[in-house]
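Worksheet: the structure to be examined is printed underneath.
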Amino acid sequence: MSILEMFQLNGKNALVTGSSRGLGAAIALALAEAGANVGCHGKSSQDAISGRICRLGKKSFYFSGDIADPTTHSSLIEKTITEFGSIDILVNNAGTIRRAPAAAFPQDYWDELIAVNLTAVFRLSQLAGQNMLDRGATGKILNIASLLSFQGGINVPAYAAAKGGVAQLTKALANEWAAKGINVNAIAPGYMATDNTEALRNDPDRSRQILERIPAGRWGEPGDVAGAALFLCSSASDYIHGHVMLVDGGWMGR
Ligand SMILES: NC(=O)c1ccc[n+]([C@@H]2O[C@H](COP(=O)([O-])OP(=O)(O)OC[C@H]3O[C@@H](n4cnc5c(N)ncnc54)[C@H](OP(=O)(O)O)[C@@H]3O)[C@@H](O)[C@H]2O)c1
């Protein structure tokens with residue numbers, strides 16, 4: 001296989017959670033451009049992405065479901081297998097954030113963030129992993145972690161706890177499944193210009209402080225994670241297991 005062929009995803013079937021917008025949309029399009037059929041998902045019913053994938057000549061669908069709801073996990077994996085015949089690539093991207101001082105952090109914020117940002121990642125990985133193991137197939141699971149997998153942040157205790165858990169879960173699953181040919185890795189994006197960071201970018205002081213610390217001198221764009229995601233979902237990364245890859249404009253080097 002040539003080096004360029006290693007990045008091809010022809011014949012592969014992928015599911016990208018939270019791909020209605022933001023980083024997930026960029027990842028879904030990148031996988032489709034590389035040849036994969038890609039199932040898309042979001043909480044709302046607004047689908048801006050699966051039509052674009054179909055126009056690339058690839059199969060796609062859009063599934064709307066709250067991944068805080070445990071019934072969504074099995075429905076989403078079953079839908080992918082029904083539509084495509086198998087699941088070869090799972091990207092656990094859907095995530096949300098709530099900000100409040102720790103001393104006043106509401107219990108319902110905590111419950112929601114752990115359910116969406118951590119529990120769903122485990123359950124979807126477990127269901128996809130079971131399918132890959134049952135078929136004796138190789139596969140790729142890519143989790144979207146965060147700088148707050150490494151750092152504690154301010155006013156984001158549940159998000160930091162969940163994303164720290166995502167990094168550890170990535171390693172735990174990789175240890176069990178690497179020898180079966182299933183790669184489990186993560187991307188830790190830096191500060192990206194999406195709806196997730198709108199509150200930060202609208203705060204002039206926080207926005208300036210953040211920008212001053214990014215060596216690249218700019219906020220990341222959704223397309224900045226696309227290349228790393230394709231690499232970690234392709235054969236080019238077959239010997240990489242349990243890695244949390246920073247895509248952060250150099251933030252963690254400071
Ligand atoms: N932006 C950053 O700077 C940054 C940095 C580090 C890590 N991340 C992580 O990267 C991932 C994507 O973030 P983003 O910035 O692209 O966020 P975004 O623009 O806010 O998009 C979030 C996506 O997740 C979906 N989603 C959120 N809650 C959901 C739920 N309960 N059930 C089902 N789907 C849900 C949304 O669906 P709807 O469109 O239907 O609401 C949307 O597709 C997240 O895991 C986030 O934590 C982002």
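The values are calculated or read from the model by the stated rules, or taken from the named source; none is laboratory data. What you see is a predicted model; the values in this text were computed from it and never measured. Cβ placement follows ideal geometry from the backbone for every residue including glycine, while neighbour counts extend to all protein chains displayed. Surface accessibility is based on the protein's heavy atoms, side chains included, excluding ligands, DNA and RNA. Shrake-Rupley method; radii C 1.70, N 1.55, O 1.52, S 1.80 Å.
Only residues that are in a helix (DSSP H, G or I), more than 16 Å from the ligand (Cβ to nearest atom) and within 18 Å of residue 178 (Cα to Cα) were counted across region 81-127, and they come to 1. For region 211-253, taking the residues that are outside any helix (DSSP H, G or I) and hydroxyl-bearing (Ser, Thr, Tyr), the one that is nearest to residue 181 (Cα to Cα) is identified as 239. Checking each residue in region 148-165 for being open to solvent by less than 20 Å² (accessible area, probe 1.4 Å) and either over 26 Å from residue 182 (Cβ atoms) or β-branched (Val, Ile, Thr) (or both) picks out 156, 158, 160. Within region 151-178, residues that are in a loop (DSSP other than H, G, I, E, B) have Cβ atoms under 9 Å from residues that are surrounded by 19 or more Cβ atoms within 10 Å (Cβ to Cβ) and not charged (D, E, K, R) in these pairs: 151/160; 152/160; 153/146; 153/159; 153/160; 156/97; 156/113; 156/148, counting only partners at least 6 apart in sequence or on another chain. Looking only at region 135-144, decide whether some residue is open to solvent by 20 Å² or more (accessible area, probe 1.4 Å) and either in a helix (DSSP H, G or I) or within 16 Å of the ligand (Cβ to nearest atom) (or both). The answer is yes; a qualifying residue exists.
Among the residues of region 21-33, the ones that are buried (at least 24 other Cβ atoms within 10 Å of the Cβ) and either away from the ligand (no atom under 14 Å from the Cβ) or of a type in the set (D, E, K, R) (or both) come to 2 in all.
Residues that are more than 12 Å from the ligand (Cβ to nearest atom) and buried (at least 18 other Cβ atoms within 10 Å of the Cβ) within region 60-78 comprise 60, 61, 77, listed in sequence order.
Among the residues here, residue 168 qualifies as within 16 Å of residue 114 (Cβ to Cβ) and open to solvent by 20 Å² or more (accessible area, probe 1.4 Å).
If you check 57, 11, 18, 39, which single one turns out to be open to solvent by less than 50 Å² (accessible area, probe 1.4 Å) and not in a strand (DSSP E or B)? It would help to see each step written out before you state the result.
Values: 57 fails: open to solvent by less than 50 Å² (accessible area, probe 1.4 Å); 11 fails: open to solvent by less than 50 Å² (accessible area, probe 1.4 Å); 39 fails: not in a strand (DSSP E or B).
Going through 57, 11, 18, 39 in turn, the sole match is 18.
Can you tell which of 210, 240, 182 is β-branched (Val, Ile, Thr) and open to solvent by 40 Å² or more (accessible area, probe 1.4 Å)?
On the way: 210 fails: open to solvent by 40 Å² or more (accessible area, probe 1.4 Å); 182 fails: open to solvent by 40 Å² or more (accessible area, probe 1.4 Å).
Every option except 240 fails the conditions.
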